[in-house]
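**Student:** The structure is given below, and queries will be raised subsequently.
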Amino acid sequence: MIDMDPSDLSCIYSTLKFICSQVKSYGVKVIVTFDQPLYWKALTIITNESTTSELQSINLRLGGFHSEMSFLGSIGQLMSGSGLNEVLETVHSTNAVGHMMTGKALARAVRGHLLVDTALNALLVSMTFDIPLPDEEQYLTNEEHVQDRNQSFESNQIAENSTEEQEPVSNSSQDILSVAINLYNQLINEDISVDTICKSGILDDINARIAAKIKGLEVSRTASLWMRYSDMVNILKRSIKAERTGNWEPHLQTLQGMLPHFAAAGHA
């Protein structure tokens, strides 16, 4: 333990030297994680060292919290003026949205972006497979809603019973959805495994249809902007997963995906 102020340059330098001595004993590579203020100071120390210094072998890593915060700020910067603020204000207060767009209210920002991304994906799937979305003026009462759910469940059961497990997938959207519902119900009932679904080819058909729809929508600048936003949210989700599972390779991949957005938003 070093009895000094953690932000003191001498304390950081002594810590890095101690880590290097331990690395030599165990013969492993060293990766050191700092939060943002200390990361900058540690990077300055290592940069000013000579190329032959043992400190050059240290791989500095910015903490996941500050990485996500900076990336959320980049999303807010790149999406300013797009209408994203107004969409988020339907759920959060105006002041909260301001903090969310800068990345300071991290938990709220993550939840808000996930909500918007879910809505975008719902619209995309609706357009791809001709699934009607519920109209706000056509909401049912509680009793009618329960009856409608029961009828939908019975329809799904009929589709499940009429669709054979090894039946080849048709090109029509309705057939693809029927097979997907059948496989989903079997998965929920633990009748089949995830590997079986992945090998069935239905997911490839769904992804191909969605990818084709996205390609067709990208001729519109507005649609292209929101598709890029969805890509950024996907990077955010993968980053959170990699951080929580401690998976190093996905962590590096998500950081690589973040770098162009950091540069575009001026978060160098």
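The values are calculated or read from the model by the stated rules, or taken from the named source; none is laboratory data. Fair warning: this is a prediction, and the values are worked out from it, not measured in the lab. Glycine gets a Cβ as well: all are built from the backbone with ideal geometry, and neighbour counts include every protein chain shown.
**Student:** So which residues in region 218-268 are outside any helix (DSSP H, G or I) and either closer than 26 Å to Leu123 by Cβ or among the charged types (D, E, K, R) (or both), if there are any at all? Talk me through it step by step, then tell me what you get.
**Tutor:** Narrowing region 218-268 to residues outside any helix (DSSP H, G or I): 218-220, 246-247, 266-268.
Selection gives Glu218, Val219, Ser220.
**Student:** Here is a follow-up. Check Lys17 against each of (1) farther than 26 Å from Gly246 by Cβ; (2) among the basic types (Lys, Arg); (3) modelled with pLDDT under 90 and name the one condition it does not meet.
**Tutor:** Of the numbered conditions (1) farther than 26 Å from Gly246 by Cβ; (2) among the basic types (Lys, Arg); (3) modelled with pLDDT under 90, the odd one out for Lys17 is (3).
Results for (1) aromatic (Phe, Trp, Tyr); (2) at pLDDT 90 or above; (3) over 23 Å from His251 (Cα atoms); (4) exposed (fewer than 12 other Cβ atoms within 10 Å of the Cβ), shown as yes or no for each residue.
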{"position": "Pro6", "(1), (2), (3), (4)": "no, no, yes, no"}
{"position": "Ser21", "(1), (2), (3), (4)": "no, no, yes, yes"}
{"position": "Ser25", "(1), (2), (3), (4)": "no, no, yes, yes"}
{"position": "Phe34", "(1), (2), (3), (4)": "yes, yes, no, no"}
{"position": "Pro37", "(1), (2), (3), (4)": "no, no, no, yes"}
{"position": "Asn48", "(1), (2), (3), (4)": "no, yes, yes, yes"}
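**Student:** With the requirement that a residue be of a type in the set (A, V, I, L, M, F, W, C) and loosely packed, with under 15 Cβ neighbours inside 10 Å, what does region 50-65 give you?
**Tutor:** Initially, region 50-65 is screened for residues of a type in the set (A, V, I, L, M, F, W, C), giving 55, 58, 60, 62, 65.
Within region 50-65, just Phe65 meets the criteria.
**Student:** Any residue at all in region 234-250 that's at positive phi and of a type outside the set (Asp, Glu)?
**Tutor:** Scanning region 234-250 turns up at least one residue that is at positive phi and of a type outside the set (Asp, Glu).
**Student:** Only one residue in Asn207, Asn189, Asn234 is surrounded by fewer than 16 Cβ atoms within 10 Å (Cβ to Cβ), in contact with a helix residue (DSSP H, G or I) (Cβ under 9 Å, 6 or more places away or on another chain) and assigned by TED's automatic domain parsing to the domain that holds Val125, so which one is that?
**Tutor:** Numbers: Asn207 fails: in contact with a helix residue (DSSP H, G or I) (Cβ under 9 Å, 6 or more places away or on another chain); Asn189 fails: in contact with a helix residue (DSSP H, G or I) (Cβ under 9 Å, 6 or more places away or on another chain).
The unique qualifying residue is Asn234.
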